[in-house]
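Colleague: Before I ask anything, let me first share the structure, which is written out below as structure tokens.
The values are calculated or read from the model by the stated rules, or taken from the named source; none is laboratory data. Since the model is a prediction, treat every value here as computed from it, not as a measurement. Positions of Cβ are generated from backbone atoms using ideal geometry, with glycine treated the same way; all protein chains shown enter the neighbour counts. Calculation scope for accessible area: heavy atoms of the full protein, side chains included, ligands and nucleic acids excluded. Shrake-Rupley method; radii C 1.70, N 1.55, O 1.52, S 1.80 Å.
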Amino acid sequence: MPAPVAAAAQVPDTAQAPAPVPPPAPVAPPIIPLAPDQAAERQLGARCPVDLAGRLAPQGDLMIGACQGTLPPHLAALLVALPEQDIHLPRSWREREVRQKAWFKAVAGVGQRPDFIGRLGDIWVRSFEGADASTTTYLVSAPFDCADGALPNENTADPVRLAAGNCGQAYVRQRVYQVGSDGVPQDITAKAMPAAPSIGEADRARHRAREGKVILDHSKLQYGPAMRWFVQYPESPQKTGPHSFSDWNREHLAFVVWNGTGFELRDTVTRAQWPCDPVAPGDKACGGFPDSGADAYVVAGPAANSAVSSP
């Protein structure tokens with residue numbers, strides 16, 4: 001009696017194994033709304049604007065409608081603890097400065113406590129909370145590279161003069177830090193921050209021909225978790241390009257988005273991740289600079305409230 005034939009042998013040759021199911025895409029953590037009326041800032045003893053003009057007034061870059069007071073303790077501690085070989089400003093100077101009044105504001109984030117952004121002269125720092133507050137990530141913009149004797153490249157801004165220390169002037173850069181259990185900030189920029197988007201030679205030549213300048217826009221960090229790489233062109237009749245957006249001669253490259261554990265490059269974001277600047281009641285939403293004009297890279301999604309209530 002012949003041996004039984006295995007069931008697998010009866011499957012026709014034309015049959016195909018089922019395609020593997022791809023793993024689900026990572027889901028971004030939800031953005032937790034802030035308490036109303038700048039409660040987080042007031043709880044820290046800050047004085048906040050109550051009139052419409054104050055809520056629309058900028059206090060330097062990144063500080064529209066900010067509150068004034070001593071910086072949140074974890075931001076101040078981070079700035080004081082930065083290694084002097086990194087920031088080129090003596091720790092004694094930073095200890096004195098963080099005791100002075102500064103502008104800061106709370107930002108809706110994904111952690112148990114809100115994110116904060118604050119400015120101290122030419123330095124600003126933005127916290128990014130995750131599930132564990134003990135591993136908060138900080139993006140610091142500060143005079144990290146001494147300019148004495150250094151040669152700038154085509155996209156380098158002018159250096160700033162330093163108020164103290166052995167370096168007379170330095171270039172402002174951005175670095176990413178985490179503070180360990182020993183209280184010492186660790187520079188994790190290389191691990192946490194993706195490199196700038198690559199630009200092909202043809203596009204690079206086109207940018208140069210139109211005097212375009214590559215810029216990383218931090219201005220929305222006071223509202224949400226994203227930055228944006230783009231090319232800024234000077235005023236000219238040529239207002240269109242393959243990736244143009246807005247009414248201001250700009251060409252999109254990529255967004256840099258905090259995902260709850262690190263930063264990643266994305267081609268598009270939702271409006272909640274890239275909120276419009278606040279506008280006065282009755283004005284057109286997203287009608288102020290730099291939000292005017294079509295932007296195909298900010299896609300449909302939950303909208304963040306960017307209107308300003310009248311007093």
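Colleague: Determine, yes or no, whether GLN174 is loosely packed, with under 14 Cβ neighbours inside 10 Å and touching a strand residue (DSSP E or B) at 6+ places or on another chain (Cβ under 7 Å).
Modeller: Working: loosely packed, with under 14 Cβ neighbours inside 10 Å: no; touching a strand residue (DSSP E or B) at 6+ places or on another chain (Cβ under 7 Å): yes.
No, not satisfied.
Colleague: Also, quick follow-up: Which one is most open to solvent (accessible area, probe 1.4 Å), of the residues in segment 49-68 that are farther than 15 Å from VAL279 by Cβ and under 23 Å from the mean Cα position of the chain (by Cα)?
Modeller: The extreme case among them is ASP61.
Colleague: Tell me the residue from ASP132, ASP187, ASP148 that is among the charged types (D, E, K, R), touching a residue at least 40 places away in the same chain (Cβ under 8 Å) and surrounded by fewer than 17 Cβ atoms within 10 Å (Cβ to Cβ), please.
Modeller: ASP187
Each row is one residue, and each column tells you yes or no for (1) farther than 24 Å from LYS220 by Cβ; (2) at pLDDT below 90; (3) of a type in the set (Gly, Ala, Ser).
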| site | (1), (2), (3) |
| --- | --- |
| VAL11 | yes, yes, no |
| ILE32 | no, yes, no |
| ALA35 | no, yes, yes |
| GLU41 | no, no, no |
| GLY65 | no, no, yes |
| LEU78 | no, no, no |
| ARG91 | yes, no, no |
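Colleague: Here is a list: SER246, SER181. Which entry is out of contact with any strand residue (DSSP E or B) (no Cβ under 8 Å at 6 or more places or on another chain), closer than 23 Å to TRP274 by Cα and among the hydroxyl-bearing types (Ser, Thr, Tyr)?
Modeller: Of SER246, SER181, the one residue that is out of contact with any strand residue (DSSP E or B) (no Cβ under 8 Å at 6 or more places or on another chain), closer than 23 Å to TRP274 by Cα and among the hydroxyl-bearing types (Ser, Thr, Tyr) is SER246.
Colleague: Here's a follow-up. From the set of residues in segment 100-138 that are basic (Lys, Arg) and under 20 Å from PRO29 (Cα atoms), which is farthest from the chain's Cα centre (by Cα)?
Modeller: Our first condition is that a residue be basic (Lys, Arg); within segment 100-138, this holds for 101, 105, 113, 119, 126.
So of that shortlist, the ones also under 20 Å from PRO29 (Cα atoms) come out as 113, 126.
Working: ARG113: 18, ARG126: 8 Å.
Ranking the candidates gives ARG113 first.
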